[in-house]
Amino acid sequence: MMIIDKLAYSSQLRYKSPFLKSAFAVGTLLICVAARSFVVSGIVLILMGCLTVFYSRTSLSHYIKLMTAPFAFLALGTIAIAVNYTSAPMDLISIPVGSHYLAVSVTSLTYAIRLIVVSIASISCLYFLTLTTPLLDLLAVLRRMHCPWIIIELMMLIYRYIFVLLDMALAITTAQNCRLGNRDAKTAIQAMGLMLSVLLVRALNKSSLLFDAMESRCYDGEIRVLNESNPSSIKEKTGVILFLVALLVVSVVCKSNGGI
């Protein structure tokens with residue numbers, strides 16, 4: 001979490017218009033999901049990966065690590081889609097289980113692979129937006145879109161408080177390691193339980209102190225922050241529009257050819 005926030009603030013696109021970056025990422029994501037095409041998903045995945053690695057100051061290996069977690073989750077989740085429990089064998093794989101079969105058909109396998117590819121391409125769009133745009137800029141976009149203020153306030157407080165919890169958890173874990181609190185599996189489980197209990201108490205106390213500090217600074221229910229971003233130029237807007245139109249044309253062509 002801290003690394004993602006650090007990369008967002010050090011990105012070369014940090015001071016570019018968050019509205020344009022949001023339109024580019026969300027527009028690409030919507031076209032990718034609507035097309036459900038291997039070609040469109042491949043184009044989006046490669047393009048967003050290259051842009052993210054080049055502009056967010058992250059390495060290719062670190063970007064691949066970020067993509068590994070959602071890929072593993074999707075791979076495990078799509079097993080239920082690819083594998084069927086049927087009373088009749090299927091054309092690709094059929095394993096007898098009593099009077100039924102654990103079977104995989106070409107159609108189900110293709111659908112599962114398509115789902116993984118489209119999902120990973122969509123995640124790459126979100127990574128591009130996350131690794132090049134700080135949270136405050138994203139909240140400014142939501143505020144401009146007339147999102148309810150209570151949602152924006154909760155998003156800001158929850159996001160910032162995550163770093164407070166991580167810092168306290170790291171300090172407690174370091175203290176436990178210094179006292180050999182994780183020397184084996186049993187003590188590690190006990191140390192984890194103690195850490196979570198202490199973290200809960202400290203988090204409640206910290207939240208109370210935080211609210212008192214906000215009240216002392218005339219908090220009236222809305223946190224006002226300064227936005228550091230520049231308006232987009234005509235050239236940048238034209239480039240994003242042309243890309244989205246071109247991607248939309250490719251998706252239509254792929255859709256008409258069976259969603260390849």
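The values are calculated or read from the model by the stated rules, or taken from the named source; none is laboratory data. Owing to the predicted nature of the structure, the values given are computational and were not obtained by experimental measurement. Positions of Cβ are generated from backbone atoms using ideal geometry, with glycine treated the same way; all protein chains shown enter the neighbour counts.
Worth a mention:
- Answer residue from region 67-93, given it is farther than 11 Å from residue 116 by Cβ and among the polar types (S, T, N, Q) and is nearest to the chain's Cα centre (by Cα) among those: 68
- Qualifying residues in region 238-260 (those that are within 25 Å of the chain's Cα centre (by Cα) and in contact (Cβ under 8 Å) with a residue 12 or more places away in the chain) - the one surrounded by the fewest Cβ atoms within 10 Å (Cβ to Cβ): 243
- Taken over region 56-68, the residue count meeting the criterion of being out of contact with any helix residue (DSSP H, G or I) (no Cβ under 6 Å at 6 or more places or on another chain) and either surrounded by 12 or more Cβ atoms within 10 Å (Cβ to Cβ) or not β-branched (Val, Ile, Thr) (or both) is 7.
- Consider region 215-237 and keep the residues that are modelled with pLDDT of 80 or more and surrounded by 14 or more Cβ atoms within 10 Å (Cβ to Cβ). The one that is nearest to residue 157 (Cα to Cα) is 232.
- Among the criteria (1) at pLDDT below 85; (2) surrounded by fewer than 14 Cβ atoms within 10 Å (Cβ to Cβ); (3) under 21 Å from residue 257 (Cβ atoms), the one residue 46 does not fulfil is (1).
- Residue 112 modelled with pLDDT of 85 or more, surrounded by 18 or more Cβ atoms within 10 Å (Cβ to Cβ) and more than 30 Å from residue 16 (Cα to Cα): yes
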